[in-house]
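What follows is calculated from the coordinates using simple rules that are stated; it is not laboratory data. Remember, predicted model here, so these are calculated numbers, not experimental data. Here the Cβ positions follow ideal geometry from the backbone for every residue, glycine too, while neighbour counts run over all protein chains shown.
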Amino acid sequence: TIPELQWAQVAEKKGGALVYKQIPVPKPQSDEILVKIRYSGVCHTDLHAWKGDWPLERKTPLVDGHEGAGIVVSKGSGVTEFEIGDHAGIKWLNGSCLACEFCRQGDEPLCPGALLSGYTVDGTFQQYCIGKAAHASYIPKQVRLDAVAPILCAGITVYKGLKESGARPGQTVAIVGAGGGLGSLALQYAKAMGLRVVAIDGGNEKKEMCEKLGAEAYVDIKKSKDIPADVKAATPESLGAHAVILLAVAEKPFEQATEYVRSRGSIVAIGLPAGAVLKAPVFNTVVRMINIKGSYVGNRQDGVEALDFFARGLIKAPYKTAPLKDLPRIFDLMEKGEIAGRYVLEIPE
Ligand code: 8ID
Ligand code: ZN
Ligand code: ZN
């Protein structure tokens, strides 16, 4: 039976203290499912949302979280995609209109009417979460719900970003922020897609993790005296990376990437540091034919593909688990850049 009340981490105002408390369990509309969340990854986006970092309106009070994996316990009358008892994932893109030009061409994240989990609608740092059935991810029963949680945002996002980069098997990608949550998964997807990786991040714990996950080289931003030169030296013929995947939560590397991307290569911006500006020299962009673009989560098909890589056992990135009540401590570690890989919250039953 579904209770009336549930435990949740609630941000009552932007940047204010998180309150671990009981709130009502929501009821699904005709096109929605109610998912009993068992695990939820903690994405840096949750921290940005809590702090109010971005020029995008969010709801208040807010339940953060958008990497939630659990069990369908209730559904609306119009839902055909899921049965009660199925395993399902709630992603950042909670819903979209499915009728606008972007939705029609498979660019649902660009839908002006998009609903965002843990931002414009309550997310997965609660026991029971609502998702539009059309956008929730179907998770096969043999897939572990704790390990799969980070795929629902981090995995899909980096998989999409790697596709958007246009890098082909055998080519080299530089992953900036490789030691973080998105980074650790980007390493695994890159490897599974036949790409070679130069990892860029800071510190020895992240170095060891990146090397274990398949990086051919690691450039330590805390030690390197010339990051662009060190990255180039680690690429074939020292000509630079065929693609740069920017996942760091800092402005500097967004500007630096043009210095070590290969001519005709692409720079894919994914990280969302508050207030940052992306600057590039016009001369080099032109005469070296550099392609600079953004990439934002993924559409429903990207989600299916990213989950399929995972279900086939190709993606194994480290994660630590902690109880839902520990969220403030995890935000604190994340703010300091002290998490190698991902934290996954265990949601009380
Ligand atoms: O759809 C999207 N575009 C999307 C989806 C999901 C997440 C974007 N994001 C954004 C988040 O909002 C956040 O801004 O991607 C960014 C990274 O999210 P994350 O992987 O969840 O964050 P993390 O685990 O804290 O990892 C960040 C890593 O960057 C490193 C840190 O050491 C950490 O390992 N880093 C930093 I901060 N500055 C760096 C620098 N100058 C750096 N690495 C290299 N060079
Ligand atoms: Zn996310
Ligand atoms: Zn739409």
Quiz prompt | Selection count where residues are aliphatic (A, V, I, L, M) and within 16 Å of ligand 3 (Cβ to nearest atom), scope segment 54-113 | solution = 4
Practice problem: Can you tell me which residue within segment 147-182, out of those that are assigned to a helix (DSSP H, G or I) and within 11 Å of Gly89 (Cα to Cα), is nearest to ligand 1 (Cβ to nearest atom)? | Solution: Pro150
Quiz prompt | All positions within segment 252-265 that are outside any helix (DSSP H, G or I) and buried (at least 21 other Cβ atoms within 10 Å of the Cβ) | solution = Val261, Arg262, Gly265
Quiz item: Within segment 192-199, is there a residue that is closer than 19 Å to Gly294 by Cα and of a type in the set (Lys, Arg)?
Solution: no
Quiz item: Which condition number does Pro112 fail, the rest of (1) within 16 Å of ligand 1 (Cβ to nearest atom); (2) in contact with a Cys (Cβ under 8 Å, 6 or more places away or on another chain); (3) free of Cβ contacts under 8 Å to residues at least 24 places away in the same chain being met?
Solution: (1)
Quiz item: Only one residue in Phe102, Phe82 is in a loop (DSSP other than H, G, I, E, B), crowded, with 16+ Cβ neighbours inside 10 Å and among the aromatic types (Phe, Trp, Tyr). Which one?
Solution: Phe82
Quiz prompt | Pro61 being surrounded by fewer than 24 Cβ atoms within 10 Å (Cβ to Cβ) and over 18 Å from Phe331 (Cβ atoms) | solution = no
Quiz item: Going through segment 183-225 one residue at a time, which ones are over 17 Å from Leu246 (Cα atoms), assigned to a loop (DSSP other than H, G, I, E, B) and not hydroxyl-bearing (Ser, Thr, Tyr)?
Solution: Met193, Gly194, Gly203, Leu213, Gly214, Glu216, Lys222, Lys223, Lys225
Exercise. Return the total of residues in segment 132-176 being in contact with a Ser or Thr (Cβ under 7 Å, 6 or more places away or on another chain) and of a type in the set (Gly, Ala, Ser).
Key: 4
